[in-house]
């Protein structure tokens, strides 16, 4: 290829390539102008359209014509100045009692209150004042005690029919209102299977003697049959009434088979399965019923249940109990331990050591069950050894040093050692 042809070709190509660029430059200006004008027109038009729609919606006279999902309800303006706004679908609020219950839980430091004290305005006011002055924030109040009597007027038909109520608390609603006013957590103590009143009124529901008639323990008290579904239903009706009145927790006491007397003579009609499975089944049944009302379920158990491997012959195998309730309350009173327990010669005189060991056992046995551990502590004197400030404080210290924050004091006489408690 010679030099002339190369120069020609290069020059021609340069001229050719320059032409489209010139043409594109001349077209770009009008196109951009059209796009700009169109954008402005669209914006102004959309603004006017949605302004109008918004005004009509606010005035209540606009509808998109969507299909109705509900009953065509209307909501009127509060001042009556504007027409009703159509509601095209129903709106309902849902309430989860279990979630509410769990979100409002407060660790309990409590005292036991008998129904007689709760029913006396003067004596009850003294206990409320004690709570106000100290770290105590809860009361465990007798709703049904070991006599079998319910302590207030319930809506339980069978209790009315059989005369199972003794109205020691004249106005249960006023009592609950007082507790609420003072931020006191109300716990209903319900004695489960030690019930001579119901056993006498419904012998077919009672624990029977192998030779006929009702079986009695060594104190002459009769029990109702832990296997009986009729018994379960009655107890749950009492518990549900307490929950409906405002008690936030149902605490089952004597939730066990008999422990004293000639147990070999006791017969449980219709019983099948082990004692420990029967107690666990009842507690599971009760929790399933009561949690729907937004309350917790707890169970009192013998203190030794956290130490021994079996169910003590009364159906209280601690792991099964713990998996069936929200809270386990072992009654670890030092006076109730035998000499030599935990290698302690006189347990009643060594409250700190007893509680320390019992709570360590509780941690090992109940880990992974999901249950809260809240022990009963001793604030009463027994077997010639006096309990006072030092003994009560020692028990509380032992509980807290093991990492627990909850406890309840028990004194059947309902006289508590205030000096052992922290001031509020």
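The values are calculated or read from the model by the stated rules, or taken from the named source; none is laboratory data. Since the structure is predicted, the reported quantities are computational estimates derived from the model, not experimental observations. As a convention, Cβ positions derive from the backbone with ideal geometry for all residues, glycine included, and neighbour counts pool all protein chains shown.
Quick notes on this one:
- Residue satisfying all of: in the range 85-120; part of a strand (DSSP E or B) and not assigned by TED's automatic domain parsing to the domain that holds residue 297; modelled with the highest pLDDT among these: 86
- Check on residue 198, modelled with pLDDT of 95 or more, in contact with a helix residue (DSSP H, G or I) (Cβ under 7 Å, 6 or more places away or on another chain) and not in a loop (DSSP other than H, G, I, E, B): yes
- Scan the range 249-266 for residues that are surrounded by 16 or more Cβ atoms within 10 Å (Cβ to Cβ), at negative phi and in contact with a strand residue (DSSP E or B) (Cβ under 6 Å, 6 or more places away or on another chain) and the total you get is 7.
- Residue that is in contact with a helix residue (DSSP H, G or I) (Cβ under 9 Å, 6 or more places away or on another chain) and either surrounded by fewer than 24 Cβ atoms within 10 Å (Cβ to Cβ) or not assigned by TED's automatic domain parsing to the domain that holds residue 104 (or both), where the choices are 306, 301, 297: 297
- Test: residue in the range 267-285 that is assigned to a strand (DSSP E or B) and crowded, with 19+ Cβ neighbours inside 10 Å: no
- Picking from residues in the range 154-185 that are surrounded by fewer than 16 Cβ atoms within 10 Å (Cβ to Cβ) and assigned to a loop (DSSP other than H, G, I, E, B), the one that is modelled with the lowest pLDDT is 155.
- Failed criterion for residue 270 (all others in (1) at positive phi; (2) touching a strand residue (DSSP E or B) at 6+ places or on another chain (Cβ under 9 Å) hold): (2)
- When we screen 399, 405 for residues that are crowded, with 17+ Cβ neighbours inside 10 Å and touching a strand residue (DSSP E or B) at 6+ places or on another chain (Cβ under 9 Å), the only hit is 399.
- All strands (runs of 3 or more DSSP E) inside the range 314-424 with 3 or more residues being within 23 Å of residue 259 (Cα to Cα) and more than 21 Å from the chain's Cα centre (by Cα): none
- Selection within the range 208-223 - surrounded by 12 or more Cβ atoms within 10 Å (Cβ to Cβ) and out of contact with any helix residue (DSSP H, G or I) (no Cβ under 7 Å at 6 or more places or on another chain): 208, 216, 217
- Subset of the range 212-240 [touching a residue at least 40 places away in the same chain (Cβ under 8 Å) and within 28 Å of the chain's Cα centre (by Cα)]: 225, 226, 227, 228, 232, 234, 235, 236, 237, 238, 239, 240
- So residue 314, is it buried (at least 19 other Cβ atoms within 10 Å of the Cβ) and either outside the structural domain of residue 271 (by TED's automatic domain parsing) or in contact with a helix residue (DSSP H, G or I) (Cβ under 8 Å, 6 or more places away or on another chain) (or both): yes
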